[in-house]
């Protein structure tokens, strides 16, 4: 229970979290997953760009 107390205290005091960083990492992993299986580099690139554009628009 006391193992995470320093981190909990910082959260309570500052309100700072790593949520945005974690969300970005998840988005990057999902984009990479979308492009798997393409053998043609142009198709791979196009698929990743389309996926990232769709996420930006939403």
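Computed from the coordinates by the stated procedures, all read-outs in this text should not be read as laboratory data. Just so it is clear, the model here is predicted, and its values are computed rather than measured. FYI the Cβ positions are ideal-geometry reconstructions off the backbone, even for glycines, and counts take in every protein chain you see.
So the values come out like this:
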{"read-out": "Degrees separating the helix 19-35 axis from the principal Cα axis of the chain, which is the longest one", "value": "20 degrees"}
{"read-out": "The chain: angle of helix 5-14 to the longest principal axis, Cα-based, in degrees nearest 10", "value": "80 degrees"}
{"read-out": "Within a Gaussian network of the chain (alpha carbon springs, distance under 10 Å), most fluctuating of 34, 14, 26", "value": "14"}
{"read-out": "Using a Förster distance of 30 Å, the FRET efficiency for residue 50-residue 20 (Cβ separation, nearest 0.05)", "value": "0.80"}
{"read-out": "Helix-only CD estimate at 222 nm, as mean residue ellipticity for the chain, using -39500 (n - 2.57) per DSSP H run (n ≥ 4)", "value": "-24500 deg cm²/dmol"}
{"read-out": "On Cα atoms only, tilt of 41-57 relative to the major axis of the chain in degrees", "value": "50 degrees"}
{"read-out": "Diffusion coefficient, µm² s⁻¹, Stokes-Einstein with Kirkwood Rh over alpha-carbon pairs of the chain at 25 °C and 0.890 mPa s", "value": "175 µm²/s"}
